[in-house]
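Below you'll find the structure, written out as structure tokens, and then a few comments.
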């Protein structure tokens with residue numbers, strides 16, 4: 001039986017953020033439990049200088065124009081690291097206060113990772129890494 005890949009994501013992993021956000025993501029972001037590491041989504045409160053991510057997103061959008069980010073649900077693509085998704089407001093606010101104590105989180109983007117998702121609600125799997133130039 002052939003696997004159905006329903007979604008793919010191009011991400012920049014941020015392992016430096018795991019100590020600050022990992023525990024919150026496990027509880028408040030279902031994608032963490034499905035295998036997505038802490039990351040900034042290339043094709044979607046972001047980096048201090050979002051321009052490199054925005055430029056990379058534009059290049060991806062030009063190359064794959066039939067596959068807009070987030071199925072064209074949003075007018076603007078804003079680089080960010082998701083800590084909580086569709087959670088109780090009080091839980092998200094508590095996570096925000098906790099993570100704020102660790103900011104800024106300093107890191108360098110070294111690669112872009114392709115994460116396809118197996119089926120609807122399935123796990124995210126690492127398919128490829130693409131090195132970025134310094």
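Only the coordinates and a few stated rules stand behind these numbers; no lab work does. Given the structure is predicted, the values throughout are model-derived calculations rather than measurements. A quick note on method: Cβ atoms are made from the backbone with ideal geometry, for glycine too, and the neighbour counts reach across all protein chains shown.
The table below lists the values:
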read-out: Square roots of five times the Cα gyration tensor eigenvalues for the range 55-134, Å; value: 26, 19, 15
read-out: Virtual spin-label span in nm between residue 133 and residue 74, 7 Å along Cα→Cβ; value: 2.8
